[in-house]
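Okay, structure first, notes after.
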Amino acid sequence: MLQLGQNYVLCLRTLDILQKEGATGMTIKVVKFGGSSLADSLQVGKAIAIVKADPTRTHVVVSAPGKRNALDTKVTDLLLGWYRLKKQGVYEEAAQLWTAICNRYFEIISGLDLGLDLRDDFAAIQDAQEAGASEDFIASRGEYLMAKIMADALDYEFVDAAKCVRFNSIKTASGHLATHDRLYNEGLTHSLVYSLMHDKRVVMPGFYGTLLDGKTIQIFPRNSSDISGAIVAAALQANVYEKFTDVPGILAADNRLVKNPRSITSATYRELGELAIDPSGVFHPEAMYPVQTAGVETHILDANNPREKGTVIYPDIRAPSLTPGTVIGIAARAGFSIITVYKVAMNREVGFVRRVLEVLEHERISFEHAPMGRDIMNVLLETSQLKDKEDYIVNRLISFCFADEVKIEDSLALISTVGRAMRDTAGVAARLFTALANHGISNRIIDQGATEMNIVVGVKESDLKPAVNAIYKEFFPSA
Ligand code: ASP
């Protein structure tokens with residue numbers, strides 16, 4: 001029987017996309033500008049020039065104006081501050097914040113010499129606040145106003161995200177979105193986006209949508225307008241999703257560990273998924289899902305140097321081939337523990353692994369990797385998840401799984417060395433381990449992901465920085 005594996009499904013999707021492109025013949029680029037690229041009239045001017053430079057940049061998604069310098073405050077934070085002060089009845093300080101908010105937009109409008117008048121919009125926000133609008137509504141207005149300016153400057157249609165982005169989930173009591181499901185309703189959102197934006201030139205504010213009632217404004221997590229842009233790109237089956245920011249791309253290593261790491265020039269979504277963290281925080285991890293599943297390419301570009309190539313993220317089946325053995329990036333994180341479970345002849349025991357994982361599941365503990373030997377199973381997980389539970393888990397693994405011995409070791413760091421071209425290439429692991437050995441670093445654990453595009457090593461936390469640098473120098477020698 002035919003197995004519908006991931007690749008096969010992706011192939012079908014891509015075929016579908018190619019057919020649609022062929023049918024419409026129109027090239028669509030969805031362009032997203034982050035807050036730092038819209039911080040003042042100078043930056044907004046650059047963003048406008050970028051859009052105008054390429055007529056295929058048909059759809060634009062914007063953040064709210066961000067920080068103009070390290071000491072500055074983002075407009076979203078000004079809005080939230082204003083909202084909270086008003087609620088507390090601290091009117092004088094609230095009024096100062098309100099003036100600061102309005103001035104941010106006035107500076108952009110006058111700096112760009114636009115005829116736009118936002119006074120009615122400002123008044124509407126104040127009225128809404130008086131009438132009991134939610135915090136999410138107020139937070140969303142930063143993007144709303146920015147999109148109005150951008151639409152005016154480009155002479156594109158303004159489409160309110162409240163008309164098309166629909167959330168499935170609501171905020172939990174802890175203030176986080178319930179993420180067991182996708183945050184937004186993919187089918188409904190895609191059809192609304194398509195019907196409102198297809199065959200048009202549009203600017204849409206990022207960062208928010210509404211609940212399924214179509215009225216209650218709901219924001220995405222902070223710093224995640226990327227998700228809105230990715231949704232539009234996926235719904236329109238764009239040729240490219242361009243995300244403009246203020247750095248030259250996704251870094252190949254964490255710049256807190258490696259000095260001036262280079263940017264990744266080309267990656268696949270799966271490789272980025274294996275890297276698990278984008279140390280530079282340039283592309284919101286949740287934003288990958290829509291574009292990855294729709295087979296849309298993403299380009300991470302620098303708004304200050306728009307001609308530079310930046311990072312291109314390819315759908316997995318369209319990725320160009322690389323020189324065998326190429327490593328694209330190294331991700332590293334401290335704060336891990338390893339649970340080691342010994343049991344003689346565990347390989348012959350039906351259900352042993354399930355029982356071990358059941359013990360963890362019962363405690364609502366998730367894990368990163370679970371490398372195994374014949375008589376031994378290791379479970380790597382974040383130490384914070386074991387807080388106040390270590391003794392219980394050890395005892396439970398012995399009594400419920402009849403393990404011979406259980407140990408928990410803390411203070412580990414995990415380093416993932418990732419590259420799709422590692423697959424079927426001899427010697428990559430040897431180079432990595434030789435680099436570590438040459439620096440006197442021993443690895444506590446090794447796991448080569450099933451995809452063969454990721455070698456994970458666990459080292460002592462104190463070895464994290466030298467280990468990452470040793471691996472980086474080995475695979476990026478000229479950097
Ligand atoms: N303006 C929002 C924030 O500051 C969203 C974003 O910029 O991506 O979090």
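The values are calculated or read from the model by the stated rules, or taken from the named source; none is laboratory data. Quick caveat, the model's predicted, so the values are computed rather than measured. Neighbour counts are summed over all protein chains in view; Cβ atoms, including those assigned to glycine, are modelled from backbone coordinates with ideal geometry.
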task = Please list, ordered by first then second residue, the pairs with beta carbon atoms under 6 Å, 6 or more apart or interchain, first in the range 418-432 and more than 12 Å from GLN448 (Cβ to Cβ), second surrounded by 14 or more Cβ atoms within 10 Å (Cβ to Cβ) and of a type in the set (D, E, K, R).
result = ARG420/GLU271; ARG431/GLU474
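For (1) within 16 Å of the ligand (Cβ to nearest atom); (2) in a helix (DSSP H, G or I); (3) at pLDDT 95 or above, each residue gets a yes or a no:
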| position | (1), (2), (3) |
| --- | --- |
| ASN7 | no, yes, no |
| CYS11 | no, yes, no |
| LEU15 | no, yes, no |
| GLY45 | no, yes, yes |
| VAL51 | no, yes, yes |
| ASP54 | no, no, yes |
| THR58 | no, no, yes |
Pair list, Cβ under 9 Å, 6 or more apart: the range 68-84 residue aromatic (Phe, Trp, Tyr), other residue near the ligand (Cβ under 9 Å from one of its atoms) = TYR83/ALA139
remark   = Expected single match for touching a strand residue (DSSP E or B) at 6+ places or on another chain (Cβ under 7 Å) and of a type in the set (S, T, N, Q) among THR425, THR434, THR417 is THR417
ask   = Does the range 102-120 hold any residues that are over 17 Å from ALA153 (Cα atoms) and either touching a Phe, Trp or Tyr at 6+ places or on another chain (Cβ under 7 Å) or surrounded by 14 or more Cβ atoms within 10 Å (Cβ to Cβ) (or both), and which are they?
value = CYS102
query = Looking at the range 210-231, which of the residues that are small (Gly, Ala, Ser) and within 13 Å of the ligand (Cβ to nearest atom) is farthest from ARG57 (Cα to Cα)?
reply = SER224
request  = Identify the residue in the range 190-209 that is of a type in the set (Gly, Ala, Ser) and within 22 Å of the chain's Cα centre (by Cα) and, among all such residues, is farthest from the ligand (Cβ to nearest atom).
outcome  = GLY209
ask   = Within the bounds of the range 331-338, is there any residue that is more than 30 Å from GLY45 (Cα to Cα) and part of a loop (DSSP other than H, G, I, E, B)?
value = no
request  = For LEU42, indicate whether it is farther than 20 Å from ASP226 by Cα and among the aliphatic types (A, V, I, L, M).
outcome  = yes
ask   = When you scan the range 428-465, how many residues do you find that are in a helix (DSSP H, G or I) and either within 27 Å of the chain's Cα centre (by Cα) or of a type in the set (A, V, I, L, M) (or both)?
value = 10
